[in-house]
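Take a look at the structure below.
The values are calculated or read from the model by the stated rules, or taken from the named source; none is laboratory data. Bear in mind the structure is a predicted one, so any value in this text is a computation, not a measurement. Cβ placement follows ideal geometry from the backbone for every residue including glycine, while neighbour counts extend to all protein chains displayed.
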Amino acid sequence: MMTGYKSLKTLFHQHPNQDKFNVNGELQRRLSAPGTLLLDYKIVDDELFVVVTNDILAQLERVWSNEVQLTRLWGQLPQTAQLHYLYSLLVEEIQSTNEIENVHSTRHEIHEALVAARNQQNGQTRKRFQEMARAFHLFFETDTSAQLPTSLSGLRELYDTLLKDEISADDRPDGELFRRGPVSIIDGVNPDPVHRGASSEAEIHTRLQAMLDMQEMEGGSALMRALVEHFILEHTHPFYDGNGRFGRFLLGLRLKPLLSAPTALSLSAEIMREKKAYYKAFKETEHPLNHGEATFFVDSMIRILQHAQASRTENLTEKLTALARLSHVVTDWESSNSEELTDYEQKILFLLGQVDLFGPRSGATWDEIAQFLDRTKQTVRSPLNSLEQRGLATKLSQKPLVVGLTEQGRALLGLDA
């Protein structure tokens with residue numbers, strides 16, 4: 001909550017006997033303030049606006065400070081650890097964004113969907129959430145900005161890519177691009193609608209075009225505009241179903257060029273933990289007595305973002321401590337190799353240890369092991385067989401071949417501590 005800065009609704013209720021002009025006067029002062037971001041979007045008859053208060057500036061500064069710390073921690077991870085950690089975040093992000101909408105999904109089936117989407121092998125049975133997982137692979141693209149929709153048709157295409165297998169036939173868009181009929185939004189906590197979306201497809205087009213235009217506007221921070229764009233999409237509610245999942249996915253893509261990948265991929269999990277505050281931020285902005293002010297929405301979203309950063313920083317710090325212990329064990333083998341492990345076997349165990357620490361699953365593929373050693377798959381077969389015979393590694397699956405540590409292998413690497 002911002003210090004000393006009150007919503008127009010609060011001011012109205014604090015002075016019930018005073019002329020309404022007093023609140024209108026405060027509204028005009030906020031609209032004309034030098035630090036106000038005026039937006040070409042209406043909530044009923046009120047123009048959307050954000051007052052960039054000192055509190056918001058301080059919160060934004062804290063976000064960038066947190067990013068410096070996260071980037072430093074992230075840079076200390078080996079490439080293998082980074083890759084598997086991102087997959088862990090993807091699993092958590094997809095599961096969380098589903099759970100917010102009361103869509104049940106397990107970590108196992110999401111991971112299976114990510115693997116299937118990555119391999120994209122023909123003839124195999126499609127996994128549940130596979131198309132959603134394929135869309136989330138955009139977070140691995142170097143130039144995510146190139147994947148951001150810049151047109152109304154692009155928004156629909158991205159929605160189909162993300163959710164076409166998850167939306168029932170009755171809830172698929174029936175308009176040119178979006179829905180034609182009305183829709184009400186329920187927060188999952190209270191039975192009464194929190195909000196009713198745009199009433200026609202023409203209105204949806206107008207609102208979403210304003211959101212797209214905002215990406216190119218000047219003024220205000222790009223992060224702040226991205227958060228307001230998220231409000232506009234959810235306020236418009238262009239589809240019958242899947243708006244929340246689509247909106248949070250789009251926000252993640254929008255944030256990825258601005259923030260670190262670990263932060264961009266942690267937002268849905270934090271929103272899940274703070275779902276009540278998340279929905280309240282929308283409800284307050286839409287209240288008619290607040291006259292379209294999104295200042296408190298931006299403040300709430302920045303705080304949720306900071307909490308996500310804090311959680312990720314704590315987790316990465318713990319992971320780095322565990323990685324240091326693992327590296328120490330491997331380094332000690334140079335002077336004391338009681339298991340008489342070959343160089344290849346040591347490197348494979350180090351790889352499997354990283355996967356165990358950072359990944360959503362406990363194994364590495366044959367291809368990944370060969371690439372890690374910079375050798376052919378046939379070359380690494382012998383050390384893999386040796387580790388299996390010693391009881392240090394085991395095959396987790398045959399097609400594709402995935403190898404993981406046994407409990408004995410984890411103990412050898414100090415991962416059972």
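The criterion of being in contact (Cβ under 8 Å) with a residue 60 or more places away in the chain and either in contact with a strand residue (DSSP E or B) (Cβ under 6 Å, 6 or more places away or on another chain) or of a type in the set (Asp, Glu) (or both) holds for Glu67.
Name the residue, out of Leu83, Leu60, Leu73, that is without any contact (Cβ under 8 Å) to a residue 40 or more places away in the chain, under 22 Å from the mean Cα position of the chain (by Cα), farther than 22 Å from Ala210 by Cα and surrounded by 15 or more Cβ atoms within 10 Å (Cβ to Cβ). Step through it out loud before you land on a result.
Numbers: Leu60 fails: without any contact (Cβ under 8 Å) to a residue 40 or more places away in the chain; Leu73 fails: without any contact (Cβ under 8 Å) to a residue 40 or more places away in the chain.
Just a single option satisfies the conditions, and that option is Leu83.
The residue list Ser338, Ser300 contains one member that is of a type outside the set (Phe, Trp, Tyr), buried (at least 20 other Cβ atoms within 10 Å of the Cβ) and free of Cβ contacts under 8 Å to residues at least 24 places away in the same chain, which is Ser300.
Tell me, please, whether a residue that is hydrophobic (A, V, I, L, M, F, W, C), touching a residue at least 60 places away in the same chain (Cβ under 8 Å) and farther than 28 Å from Asp171 by Cβ can be found in segment 241-256.
Within segment 241-256, the first condition is being hydrophobic (A, V, I, L, M, F, W, C), and the residues that meet it are 246, 249-251, 253, 255.
Still in the running and touching a residue at least 60 places away in the same chain (Cβ under 8 Å): 246, 249-250, 253.
If we keep only those that are farther than 28 Å from Asp171 by Cβ as well, we get none.
Scanning segment 241-256, I find no residue that is hydrophobic (A, V, I, L, M, F, W, C), touching a residue at least 60 places away in the same chain (Cβ under 8 Å) and farther than 28 Å from Asp171 by Cβ, so the answer is no.
When only residues in segment 136-169 that are without any contact (Cβ under 8 Å) to a residue 24 or more places away in the chain and farther than 23 Å from His111 by Cβ count, which is surrounded by the most Cβ atoms within 10 Å (Cβ to Cβ)? Applying the filter and picking the extreme gives Arg156.
In this structure, is Ala133 within 16 Å of the chain's Cα centre (by Cα), in the same structural domain as Leu227 (by TED's automatic domain parsing) and free of Cβ contacts under 8 Å to residues at least 60 places away in the same chain? Spelling it out, Ala133 is indeed within 16 Å of the chain's Cα centre (by Cα), in the same structural domain as Leu227 (by TED's automatic domain parsing) and free of Cβ contacts under 8 Å to residues at least 60 places away in the same chain.
Pairing residues of segment 307-326 that are farther than 15 Å from Ile271 by Cβ with residues that are part of a helix (DSSP H, G or I) and small (Gly, Ala, Ser), at Cβ distances under 8 Å and at least 6 apart in sequence or on separate chains, gives Lys319/Ala81; Leu323/Ala81; Leu326/Gly353. Of all the criteria given as (1) loosely packed, with under 14 Cβ neighbours inside 10 Å; (2) closer than 22 Å to Leu73 by Cβ; (3) in contact with a Gly (Cβ under 8 Å, 6 or more places away or on another chain), the one not satisfied by Val355 is (1). Within segment 33-54, does at least one residue satisfy the condition of being surrounded by 14 or more Cβ atoms within 10 Å (Cβ to Cβ), in contact (Cβ under 8 Å) with a residue 12 or more places away in the chain and assigned to a helix (DSSP H, G or I)? No, because not a single residue in segment 33-54 is surrounded by 14 or more Cβ atoms within 10 Å (Cβ to Cβ), in contact (Cβ under 8 Å) with a residue 12 or more places away in the chain and assigned to a helix (DSSP H, G or I). The set of residues from segment 207-246 being polar (S, T, N, Q) and surrounded by 21 or more Cβ atoms within 10 Å (Cβ to Cβ) comprises Thr236, Asn243. From the list Lys280, Lys275, the one residue that fits, being under 15 Å from the mean Cα position of the chain (by Cα) and surrounded by fewer than 18 Cβ atoms within 10 Å (Cβ to Cβ), is Lys275.
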